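Here you go, one structure.
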Amino acid sequence: MARFTDACVYHDPTDKDLLAMGHQRPLRALNDGRVTAIQVINTWLVAIVVDVHACGHSDAFYYKLRERAASSLVQWDRTGEPRGCVRHPQSGRRRDDGAPSKEYLQP
């Protein structure tokens, strides 16, 4: 079995590492040290991914537009959740227009 030797396994990922893994700017670190980045999911969804590591990420917030995701990541005060996401895949929460008041569950 081949050993996984991605640079992120051995040290905190640099911007170069994250970009090589397919993530996009803006790249930020949360107060607890977790790394966040933008990741294109498919042609109609873009995510803010949280706790990026060599094998993926631990959390994600989906947006319909890359610009909205990037803006939300830049404005995020690094507590709670970023604003305006339309889907949180880990919990099944969805918000068709990004409004928390219109949230519903669809696992």
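Among (1) surrounded by 15 or more Cβ atoms within 10 Å (Cβ to Cβ); (2) over 10 Å from the mean Cα position of the chain (by Cα); (3) not acidic (Asp, Glu), which single condition is Ser91 missing?
The one condition Ser91 does not meet is (1).
Take residues that are modelled with pLDDT of 90 or more and tell me which of the strands (runs of 3 or more DSSP E) falling wholly in the chain contain 1 or more.
Details: elements: 24-29, 35-42, 45-50, 59-63.
Answer list for the chain: 35-42, 45-50, 59-63.
Now a separate question. Quick check on segment 51-64. Is at least one of its residues surrounded by 14 or more Cβ atoms within 10 Å (Cβ to Cβ) and out of contact with any strand residue (DSSP E or B) (no Cβ under 9 Å at 6 or more places or on another chain)?
yes
Has segment 31-44 got any residue that is small (Gly, Ala, Ser), surrounded by fewer than 17 Cβ atoms within 10 Å (Cβ to Cβ) and more than 24 Å from Asp15 (Cα to Cα)?
The answer is no, given that none of the residues of segment 31-44 is small (Gly, Ala, Ser), surrounded by fewer than 17 Cβ atoms within 10 Å (Cβ to Cβ) and more than 24 Å from Asp15 (Cα to Cα).
Can you pull out every residue in segment 79-91 that is more than 16 Å from Ile41 (Cβ to Cβ) and either among the acidic types (Asp, Glu) or out of contact with any Phe, Trp or Tyr (no Cβ under 9 Å at 6 or more places or on another chain) (or both)?
Within segment 79-91, Thr79, Gly80, Glu81, Ser91 qualify.
The values are calculated or read from the model by the stated rules, or taken from the named source; none is laboratory data. All figures in this text were calculated on a predicted structure; none of them were measured in a lab. Counting neighbours? That spans all protein chains shown, and the Cβs are built from the backbone with ideal geometry, glycine included.
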